[in-house]
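Taking it in order: structure first as structure tokens, then the write-up.
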Amino acid sequence: MGLAGSVLQPLPLSPAMLYLVIGFALGPSGAGLVRLDPFVHAGLLTLITEIALLISLFAVGLRLRVDLTNRIWWLPLRLGLPGMVVTIFLLSLAGMYLLRLPAGAAVLLAAILAPTDPVLASDVQIKDVGDHDRTRFALSGEGGLNDGTAYPFAMLGLCLLGVPQAAQYGTPAALPLALWGIVAGALSGWFLGRIVVSLALYLRKHFRQALGMEEFLTLGLIALCYGVADLIHGIGFLAVFAAGVAMRHIEHHATGRMPPAQALGAVPVGEEIAVATDPQKAPAYMAETVLGFNQQLEHIAEFVMVLLLGIMLSGSGLSGEGALVALLLLLVIRPLSAVAALAGTRGVTRLQRRLMAWFGIRGIGSLYYLMFALQFPLPPPLAERLVPLVLTVVAISVLAHGISATPIMDLYYKRR
């Protein structure tokens, strides 16, 4: 990809499509060089997908350079909360009446497939932190939110299947537990992000300490926010996303309307410390350096996860049920949920609504919740049915959105 990235950029191909094909070719249905059993390695795969998801969520939050009072935030909030609830409701009905699944399995499947991914189709996500396009912002922010807000629904599905670890979600305490998880996760990540970043900037400006090591600052902040949120029973994914937003908010407040790259200007070689300790430039320098490192991690995470998806799909085989659910999800359920979530919004054109309705990309979040569920004692026939179904849906989404993203977004910008 380092050699071919610029060649693929203008083509209707995404990097994820190439990774998927390579993974499938390496797996049992191809050359047979790699075998990966999701049932045997569910714990390890959960950890890998969890790390990849955390890296992506922090990067998404760091890209959203918009003041929290701006009304544009209502778009990802609508898509990521009520829009996801509608998606889960409709997918649950499809699971029960179309696939003949029991209620618990249908809810679990819906929770697995509900989260969207802002990374896999790079043409529709925020790239430049100064990009305030409503379509890109809404889709990026939605992916940052619903990977976390899907957690209570996944636990509800496991509870209905009789999993003891999720029993609380079948009691009257389920709603307060879910609301606490969302609020505690988001607020803890926001405040920890502000505290850590403010402390680092204070040490840099006044004592010329805590210089460099942005890589450790990034990983440490992600781990701290996720760990603290977990300790207080908050949703760690929301905490990490909120921490990224908090870091960007500090930079935005310090720099103002001027883009961070313009505020920094050209940083001469050997002058990094002077810029990092400059009272005016330090916030922009930290945010941009952390974002640059995190984006590299994000590309590696994307490569690893889609490669694993291809290998597992090569082993499990394509699912006819998965193809049916993919068509229903992409062509019916996603558009209906987007229409319901965006009803009454102002300043959004009909074309933008249609783009938001189409680009509900499934990816790392769905893989995480699938592997998370496989760690629990699910009925073997159900587990064996879920794996190829979910993998097929994600693969179809990667292909369909990867092919359509570049030409559709090009037409969108020309028309706009």
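The values are calculated or read from the model by the stated rules, or taken from the named source; none is laboratory data. None of these values were measured; they are calculated from a predicted model. Cβ sites come from the backbone with ideal geometry, for glycine too, and all protein chains shown count toward neighbours. Areas reflect the complete protein model, heavy atoms only, side chains present, ligands, DNA and RNA absent. Shrake-Rupley method; radii C 1.70, N 1.55, O 1.52, S 1.80 Å.
Structure above, values below:
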| item | result |
| --- | --- |
| Scan of the stretch 59-118 for residues that are part of a loop (DSSP other than H, G, I, E, B), within 20 Å of the chain's Cα centre (by Cα) and over 30 Å from Glu214 (Cβ atoms), ordered by number | Leu81, Ala114 |
| Filter result (crowded, with 16+ Cβ neighbours inside 10 Å and either of a type in the set (Gly, Ala, Ser) or touching an Asp or Glu at 6+ places or on another chain (Cβ under 6 Å) (or both)) within the stretch 252-270 | Ala254, Pro260, Ala263 |
| Flag for Gly227 being out of contact with any helix residue (DSSP H, G or I) (no Cβ under 7 Å at 6 or more places or on another chain), small (Gly, Ala, Ser), without any contact (Cβ under 8 Å) to a residue 40 or more places away in the chain and more than 27 Å from Thr116 (Cα to Cα) | no |
| Any hit, the stretch 129-136, residues being open to solvent by 60 Å² or more (accessible area, probe 1.4 Å) and in a helix (DSSP H, G or I) | yes |
| Residue selected from the stretch 344-360 under the condition part of a loop (DSSP other than H, G, I, E, B) and polar (S, T, N, Q), by the criterion nearest to Pro407 (Cα to Cα) | Thr349 |
| Conditions (1) under 25 Å from Gln125 (Cβ atoms); (2) touching a residue at least 40 places away in the same chain (Cβ under 8 Å); number of the one not met by Ala263 | (2) |
| The lone exception for Ala59 - which of (1) more than 27 Å from Ala223 (Cα to Cα); (2) at pLDDT below 95; (3) of a type in the set (Gly, Ala, Ser) it fails | (1) |
| From the options Leu336, Leu329, Leu324, residue that is buried (at least 17 other Cβ atoms within 10 Å of the Cβ) and either under 26 Å from Gly43 (Cβ atoms) or touching a residue at least 40 places away in the same chain (Cβ under 8 Å) (or both) | Leu329 |
| Set Ala154, Ala200, Ala223: member being at pLDDT 95 or above and farther than 30 Å from Ala341 by Cβ | Ala223 |
| Complete set of residues in the stretch 152-168 that are over 24 Å from the mean Cα position of the chain (by Cα) and under 20 Å from Gly236 (Cα atoms) | Gln165, Gln168 |
| Long-range neighbours under 9 Å by Cβ, at least six apart or interchain, first residue over 29 Å from Ala254 (Cα atoms) within the stretch 288-303, second of a type in the set (Gly, Ala, Ser) and in a helix (DSSP H, G or I) | Ile300/Ala52; Ala301/Ala52; Ala301/Ser56; Glu302/Ala16; Glu302/Ala52; Glu302/Ser56; Glu302/Ser122; Phe303/Ala16 |
| Candidates Ile195, Ile273 - the one that is more than 23 Å from Pro152 (Cβ to Cβ), open to solvent by 10 Å² or more (accessible area, probe 1.4 Å) and without any contact (Cβ under 8 Å) to a residue 12 or more places away in the chain | Ile195 |
| Enumeration of residues in the stretch 384-408 that are out of contact with any helix residue (DSSP H, G or I) (no Cβ under 6 Å at 6 or more places or on another chain), within 13 Å of Leu108 (Cβ to Cβ) and either open to solvent by less than 10 Å² (accessible area, probe 1.4 Å) or modelled with pLDDT under 95 (or both) | Leu386 |
| Among residues of the stretch 233-258, those that are assigned to a loop (DSSP other than H, G, I, E, B) and in contact (Cβ under 8 Å) with a residue 40 or more places away in the chain, counted | 3 |
| Single match in Ala326, Ala341, Ala263, Ala274 (criterion: closer than 25 Å to Thr218 by Cα, in a helix (DSSP H, G or I) and either in contact with a helix residue (DSSP H, G or I) (Cβ under 6 Å, 6 or more places away or on another chain) or of a type in the set (S, T, N, Q) (or both)) | Ala263 |
| The lone exception for Glu215 - which of (1) under 22 Å from the mean Cα position of the chain (by Cα); (2) modelled with pLDDT of 90 or more it fails | (2) |
| Single residue of Gln352, Gln375 found to be open to solvent by 60 Å² or more (accessible area, probe 1.4 Å) and either among the hydroxyl-bearing types (Ser, Thr, Tyr) or in contact (Cβ under 8 Å) with a residue 60 or more places away in the chain (or both) | Gln375 |
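Let's see how each residue does on (1) without any contact (Cβ under 8 Å) to a residue 24 or more places away in the chain; (2) buried (at least 24 other Cβ atoms within 10 Å of the Cβ); (3) farther than 21 Å from Leu342 by Cα:
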| position | (1), (2), (3) |
| --- | --- |
| Leu44 | yes, no, yes |
| Ala59 | no, yes, yes |
| Arg71 | no, no, no |
| Trp74 | no, no, no |
| Leu81 | no, no, no |
| Leu98 | no, no, yes |
| Pro115 | no, yes, no |
| Val119 | no, yes, yes |
